[in-house]
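Data block below; observations after.
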Amino acid sequence: MKRPLLKSSAFVRTAKRIIKKNPNLENNLYTTLELLSNNAFHPSLKTHKLKGNFKGLWACSVNYDLRIVFEFVDYS
């Protein structure tokens, strides 16, 4: 089941800035977003729960030094 991704304006601005500085990350970012939409727990995403101030949120890896932080809502 493909899940809709709701991107905040802050995410879109930041993604554009990151892609502008590192154009080679564009493909990785879009691939990660596609995987996240199809299966948030795909092994290559390394999805994990966050702790502390970010409790209740999840993160997945785009590459070694770039992550996407998101809230997982289960619609089932």
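Overview of results
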{"quantity": "Test result for Ala59, of a type in the set (Gly, Ala, Ser) and in contact with a Ser or Thr (Cβ under 8 Å, 6 or more places away or on another chain)", "calculated": "yes"}
{"quantity": "Residue within the range 67-76 that is outside any strand (DSSP E or B) and over 14 Å from Arg3 (Cβ atoms) present", "calculated": "no"}
{"quantity": "Every pair of residues 6+ apart whose Cβ atoms lie under 6 Å, when the first sits in the range 39-63 and is under 19 Å from Leu25 (Cα atoms) while the second is in a loop (DSSP other than H, G, I, E, B) and of a type in the set (Lys, Arg)", "calculated": "Ser61/Lys46"}
{"quantity": "In the range 34-60, the residues that are over 15 Å from Arg3 (Cα atoms) and in a loop (DSSP other than H, G, I, E, B)", "calculated": "Lys46, Thr47, Leu50, Lys51, Lys55, Gly56, Leu57"}
{"quantity": "Within the range 1-30, tally of residues that are under 19 Å from Phe72 (Cβ atoms) and either touching a Ser or Thr at 6+ places or on another chain (Cβ under 7 Å) or not hydrophobic (A, V, I, L, M, F, W, C) (or both)", "calculated": "6"}
{"quantity": "Check on Asn27, of a type outside the set (Lys, Arg), more than 14 Å from Phe70 (Cβ to Cβ), surrounded by fewer than 11 Cβ atoms within 10 Å (Cβ to Cβ) and out of contact with any Gly (no Cβ under 6 Å at 6 or more places or on another chain)", "calculated": "yes"}
{"quantity": "Subset tally (residues that are farther than 23 Å from Val12 by Cβ, surrounded by 10 or more Cβ atoms within 10 Å (Cβ to Cβ) and basic (Lys, Arg)) for the range 47-76", "calculated": "1"}
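Every number here is computed from the coordinates shown, using simple stated rules; none is lab data. Being a predicted model, the structure only gives us computed values, none of them experimental. Note that each Cβ is placed from the backbone with ideal geometry, even for glycine, and that neighbours are counted across all protein chains shown.
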